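Nothing in this text is a laboratory measurement; each read-out follows from the coordinates by a stated rule. Please read these numbers as outputs of a predicted model, since none were measured by experiment. Cβ coordinates were reconstructed from backbone atoms using ideal geometry, including for glycine residues, and neighbour counts include every protein chain displayed.
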Amino acid sequence: MRSPFLSCGRTSSGFSLVETLIVLAIIAAVVGFAVPGLQNQIISKEVDAASGRLFRDLQLGRADAIRRGVPVVLCPSPDGASCQFGGQWRQGWIGFEDRNRNQHRENGEEILLSRPSTTSVSVEWRSPNWLRFSPDGEAWPNGHFRICSNDLSEARAVIIYRTGRVRVDDRSPSGGAVLC
């Protein structure tokens, strides 16, 4: 009886070195094309997520002002407890009841929302560096936030109208590009 492990002729059960190198080169080329596209998608999603969080927090601030019948102020806050008026919104923000209407959080004024920092994007607002919703839902000042990726390749505008309406757009309120 003949052993199945012994063969008279040469049979190949694998790939040659040249074939393996060709396959590895093709895989490297495909990965090289896919990685930059994936990085762009990640950056776009970071900007989308930050603008979505800000949009929801602005809507919540407006709804709380109407429901509670008191002004609600949103301002930059790195510590989640007090406003830092010279601070940056990317460090985080809070929304609080402003019963005495002085745009500063006092001990008796309840924090309604708190958002931690968003280091993967920049969040820019105009002066004054706070936003107030009145009990009738109006916003002051009106304007738009600029949400920009750190490499400036992606940008969104979160637009606040005087009526308190909020929307997110790829364009600035004037219709031009969002300038970061």
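The ranking of His104, His144 from fewest to most other beta carbons within 10 Å of each one's beta carbon is His104, His144. Of the residues Cys180, Cys148, Cys75, the one with the fewest other Cβ atoms within 10 Å heads the list, and the complete ranking is Cys180, Cys148, Cys75. Modelled spin-label separation between Ala177 and Thr119, with each label point placed 7 Å from Cα along the Cα-to-Cβ direction: 2.9 nm. Exposed loop positions in the chain were taken to be trypsin sites (Lys or Arg not before Pro) whose DSSP state is not H, G, I, E or B and which have at most 15 other beta-carbon atoms within 10 angstrom. Between these positions, the longest stretch is 11-98. Relative to the current alpha-carbon distance between Phe33 and His104, full extension at 0.36 nm per residue lengthens the span by 20.5 nm.
Once both labels are positioned 7 Å from their Cα atoms along Cα-to-Cβ, the gap between Asp169 and Ile26 label points is 4.9 nm.
For region 17-169, the fraction of alpha-carbon pairs lying more than 24 Å apart is 39 percent, rounded to a whole number. Seen through its C-alpha gyration tensor, with square-root eigenvalues sorted a ≥ b ≥ c, region 84-139 comes out prolate because a/c lies at 1.5 or above while a/b is bigger than b/c. Counted residue by residue at 0.36 nm each, then reduced by the alpha carbon distance between them, the extension gain from Phe85 to Ile42 reaches 12.4 nm. Per residue of the chain, the DSSP helices (runs of n ≥ 4 H) give a summed -39500 (n - 2.57) that works out to -11000 deg cm²/dmol at 222 nm.
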